[in-house]
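All of the numbers you see were taken from the coordinates with simple rules; none came from a lab. What you see is a predicted model; the values in this text were computed from it and never measured. No Cβ is skipped: glycine too gets one built from the backbone with ideal geometry, and neighbour counts run over all protein chains shown.
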Amino acid sequence: MGFYLGIDVGTQSIKGILIDPENGQFSTPVPVHYGRELPQYHSGEGFLPHEDPAIRHADPAMWLDALDMLLGKMYAQGLPMAQVRGISGSGQQHGTVYLNDRFPELLAALKTDASLSEQLSASFSRKTAPIWMDASTGAQCAMLREKFQGSLKERTGSDAAERFSGPQIMKFAAENEADWNRTASVHLISSFMASVLAGKPAPIDYGDGAGMNLLNLNTLQWDREILTFTAPDLAEKLPPCVASTEIAGTLSPYFSKYGLPAGIPVNVWSGDNPNSLIGCGCVDSRSAMISLGTSDTFSGIVQNFSDAPRKNGHIFGCPSGGFMSLLCFTNGSLTRDHFRKKYDLSFADFDRAAASAAPGKFQLLPFLIAESTPAVPKPEIFYNFDPAEATAGEMIRALIESQILTMLYHAELTARPANIRLTGGASASGLLRQLIADIFQTPVLIGSSAETAALGAAMRAANCAAGMDFRELTERFCSVEQIIAPDTSLGRQYDSALQRFADLLQAHI
Ligand code: XUL
């Protein structure tokens, strides 16, 4: 039945994985790190340096070069590219790519003797793409809130959020009128990359489309009234929005240079969170997912939009049907890493230092960069202890525990989930695994792949191109390798830590 390719265009790197559904096996993920392998883009952490910490943009040509480099690496490694029968992908959510009217013609004319960036850079109507870490649209969010009040969340599944595509488009259209007029289409990173593979403009899916503050989740159509308020002629500039199971087109002959067969189905791409939910093996509302990546996220599945949590976070389409809830905590791994470097510790010593401190003793609000949940536009750290008196271990434990307590606090759980599927780079840490189990008092399940966004994309490719059922794919690819049981003797201690964390939040935010 062949192989299926999943590609994940993340914040700091792009990754590819091949799955073989017949044997339930997947290849070792192949990565390209933008900062290290594409230094010409000066984007060490995946975005261009800017003196204003609220401005976080990337050069979209970097993602094109990364795609060429990734497929080149996979081909050179001898992976069975000629036997690939379908492709799908995952993009960091919310980022927008602005294209002029030459985009369709340049896509259709791709030649194998030049790179993607050489051939497609002339189609950008805006040189840079704001990514999900951008928090510069406070004024636009305020306008959206004033105009639509609570109905924005009732319609789009989210209150106005700085990083969401709608407020970003609104800002660009208002501040750069001439460039906006030259913009013929606005794509998400996911639909932009799918367009490149398909050699023609691709639709946006309900999973990633819901992260724009523009899609009405009651009707699954772009909300005309919100579009009109956001930017002139936006309705004409957005691709259609479709279910995540749809085909975007067939693979452009350009990719034959990497041994891939032209004409195989390209599934519409989705966001990294909807893809991770699939790759993690979350198939129903009993499981929750925590992803510890550049950002930390907490997600669950609901069948109906009307059943979704209402107060915090966001609702997106779930690629296997229904909807997913998502809480995004911007201060994830980058913040853990900052503390690790501050104390000059290796990863193992970082964990050891935290393990040496007492559980649930101190809490802090770790907003080292602008935070999404709760919305905190300016970096600031608040403590309920004197940081000058704390040991490195106490400080690190306070950070990690508070990052988990904020998930529990904001998750609006009516009952603890039956289990938590854990993914993302930092999920390799034994300490983080145990602390999540202890603080949530819920078993934590570790799957066989940490690259759940790329794996989920590959599983979606097999579903789209070969009609394989998601439950069957989950059984084959999402086996549980390890179960971490909570230490029930710590339940009471963490209940009071949660109360102290809530008091700290209420005192400052
Ligand atoms: C979700 C969010 C991040 C990005 C990058 O709303 O902003 O999780 O998708 O991972």
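So the values come out like this:
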quantity	calculated
For region 416-438 and region 62-125, distance of Cα centres in Å	34 Å
Equivalent ellipsoid, region 30-74 (semi-axes from 5 times Cα gyration tensor eigenvalues, Å)	22, 9, 7
Descending semi-axes in whole angstrom, ellipsoid equivalent of region 114-264, from the Cα gyration tensor	29, 18, 12
Per residue Cα convex hull volume in Å³ - calculated over region 282-368	136 Å³
Bins of 20 Å, starting at 0 and running to the largest distance - Cα pair percent for the chain	24, 58, 17, 0
Values of log10 I(q)/I(0), in the order q = 0.13, 0.28 Å⁻¹, for region 95-149 under a Debye, Cα-only, solvent-free model	-0.51, -1.07
Phi-based couplings in Hz for region 158-167 (Karplus 6.51, -1.76, 1.60; Gly and Pro marked x)	8, 5, 4, 10, 3, 7, 5, 5, x, x
Charge dipole (debye, nearest 20) of region 73-195; +1 at Cβ of Lys and Arg, -1 at Cβ of Asp and Glu	260 debye
Partners for Lys147 among lysines (Cα-Cα distance below 17 Å; same-chain residues under 8 apart left out)	Lys171
For Ser496, Ser448, order by how many other beta-carbon atoms lie within 10 Å, fewest first	Ser496, Ser448
For region 305-361 versus region 453-485, the gap between their alpha-carbon centres in whole angstrom	23 Å
Positive minus negative residues near Pro49 (Lys, Arg vs Asp, Glu; Cβ under 14 Å)	-4
Label-zone membership for region 123-137, site Asp233, 7 angstrom Cα→C-beta point, backbone N under 20 Å	123-128
Hull volume in cubic angstrom per residue (convex hull over the Cα atoms of region 385-486)	125 Å³
Difference of contour (0.36 nm per residue) and Cα-Cα distance, Glu154 to Ala174	4.6 nm
Backbone N within region 481-501 under 20 Å of label point (7 Å from Gln441 Cα along the Cβ vector)	484-501
Label point distance in nm, Thr112-Lys127, each placed 7 Å from Cα along Cα→Cβ	3.4 nm
Nitroxide proxy distance, nm - points 7 Å out along Cα→Cβ at Ile509 and Phe382	0.9 nm
Sparse-neighbourhood loop sites, GluC sites (Glu not before Pro) in region 1-82 - DSSP loop, at most 13 other Cβ within 10 angstrom	Glu22, Glu51
Mean projected area in nm² (Cα convex hull; one quarter of hull surface) for region 198-349	13.2 nm²
Extension gain (nm, one decimal) between Ser479 and Ser306, 0.36 nm per residue minus Cα-Cα	59.2 nm
Sites Ser356 and Glu51 - FRET efficiency at Förster radius 25 Å, r taken between beta-carbons, to 0.05	0.05
Extension gain from Lys341 to Ser285, taking 0.36 nm per residue of separation minus the Cα-Cα distance	16.4 nm
Along principal axes, Cα extents of region 47-201, largest first, whole Å	54, 31, 31
Environment charge of Asp8, counting only residues whose C-beta is closer than 11 Å and scoring Lys/Arg +1, Asp/Glu -1	-1
Net charge of neighbours whose Cβ lies under 11 Å from the Cβ of Thr330, counting Lys and Arg as +1 and Asp and Glu as -1	-2
DSSP-loop chymotrypsin sites (Phe, Trp or Tyr not before Pro) across region 337-377, with at most 13 other Cβ within 10 angstrom	none
Which of Phe103, Phe164, Phe382, Phe329 has the fewest Cβ neighbours within 10 Å, and the rest in rising order	Phe382, Phe329, Phe103, Phe164
Likely footprinting exposure, Arg102, Arg460, Arg56, fewest C-beta neighbours within 10 Å first	Arg102, Arg56, Arg460
